[in-house]
1. Go through (1) assigned to a strand (DSSP E or B); (2) more than 15 Å from the chain's Cα centre (by Cα) and name the single condition TYR345 misses.
2. Scanning for something at pLDDT below 95 and surrounded by 19 or more Cβ atoms within 10 Å (Cβ to Cβ), does the stretch 158-179 turn up at least one residue?
3. Going by what's in this entry, would ASP320 be described as farther than 23 Å from GLY228 by Cα and more than 20 Å from the chain's Cα centre (by Cα)?
4. Among the numbered criteria (1) touching a residue at least 60 places away in the same chain (Cβ under 8 Å); (2) farther than 24 Å from LEU200 by Cα; (3) touching a Pro at 6+ places or on another chain (Cβ under 8 Å), which single criterion is violated by HIS289?
5. If ALA352 meets every condition in (1) more than 17 Å from the chain's Cα centre (by Cα); (2) assigned to a strand (DSSP E or B); (3) touching a residue at least 60 places away in the same chain (Cβ under 8 Å) apart from one, which number is that one?
6. Starting from the stretch 366-386, take each residue that is over 14 Å from VAL65 (Cα atoms) and among the small types (Gly, Ala, Ser) and list its partners that are assigned to a strand (DSSP E or B) and modelled with pLDDT of 95 or more, counting only C-beta distances under 6 angstrom and pairs at least six apart or across chains.
7. Which of the residues belonging to the stretch 57-91 are within 20 Å of the chain's Cα centre (by Cα), over 15 Å from LYS364 (Cα atoms) and part of a loop (DSSP other than H, G, I, E, B)?
8. Quick one: would you say ASP120 is surrounded by 14 or more Cβ atoms within 10 Å (Cβ to Cβ) and assigned to a strand (DSSP E or B)?
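The values are calculated or read from the model by the stated rules, or taken from the named source; none is laboratory data. Just so we're clear, the structure is a prediction, and the values are computed from it rather than from any experiment. Glycine also receives a Cβ, built like all others from the backbone with ideal geometry; neighbour counts cover every protein chain displayed.
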Amino acid sequence: MKHALAVACISLKSVWQAVCRPFLNQLRRLSPLRSGSFRSLHLLLLAPVLAAEDSPIRITDRAVVFTHTATNPKDPANTSGYNLGPSITVLPDGRVMAAWFSSPSEGAESQRIVQAFSPDQGIWGEAAVLQDIVGRADFDPALFVAGKETFLFFSCFDPQIDIYFRRSSDSAKTWTEPVKLNQPNHTTRSNGIQLSTGELLVPLHTRGTKAGGVMKSRDGGKTWTRFGAVANPEGQGGEPTIAETKSGKIHMMLRTKDGLLWRSISADKGETWSAPEKTGLTATSSASHLLCTRDGTLVLTYNPGPTPLRFPLIMRTSRDDGLTWSEPTLLADRPAKVGGWSICYPALTELADGTLAAIWAQIKGSPGELYGDIHSARIRIATPAK
């Protein structure tokens, strides 16, 4: 069986390289469209990723959310060549919303946060600017929904780096003005969550892969309080991602520089955290994403390394609160075996039908050239046997 799967994978890869990829590349050159209906062609032409024989994870379809419009990182007219840091959520009206930051290069003054919407994750509409403090670099959006409210957290240099948030009561049609949270030298990254108690948590961390923590609101997002400074013995705990399990405990995964993912757990709704421990999962120093589905399954997506490689991007599941994890399933990999690729910064959300939507960035850098695209996929997690 495994040999048959391997042969199938090789055959599909050959068809993709020989037929589908050249066709799409030619179509992209001829088409003025950068997102929207053109993206749906990928659903028909992209070869599926075959999961391991015993994996509970199945990728059912794929899409391209946004394609870069330029490649010169020094061109002032290049406003959307480099796209990174995507976040994704399901809005109260049922649409899927994605947001990411876009610029000629990371940290450019023209950097802004853009958005796109999809009815089902499969076909994405045109991208539009969501957040832009003119002359400052806006970045690292974190979206989440709590009841009828949609929250956007992001970071910006204005003039010192800090965290801001906006909220929408009409499914992202209109937004409040940005509110600064007075967390200097901190950034957001992962999506926030609403706890079983109704309280809200948003992960944040000190820049430089340092201590992670959360911002907590007990009043529906009107006010926020900072808790936690979680780091491994070397002082590393960057870009935390959090999930509340059926037990009521909050799990936090942390980015470090030692080639492993670390974990901390809170038993009091995010106000205190256990000493972080190694998960045993090898990982490069890059962002991961942790999600707890409605049936209690933990889903983790990350780059397994080795450092400094930010490819491939894999997924695992756990049905015992993170004590053990399934074998990895490939979510995405570099499109060609050449240097300069990063397949990174994933985010997950659960759709109404119980499937998951994943989103990530596909980055290519070489001398004089830099660009990034935003990709997505729908994933089905097998129901546990009773």
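1. Failing condition for TYR345: (2).
2. no
3. Numbers: farther than 23 Å from GLY228 by Cα: yes; more than 20 Å from the chain's Cα centre (by Cα): yes.
The answer is yes for ASP320.
4. (2)
5. Here ALA352 clears every test but (2).
6. none
7. LEU91
8. no
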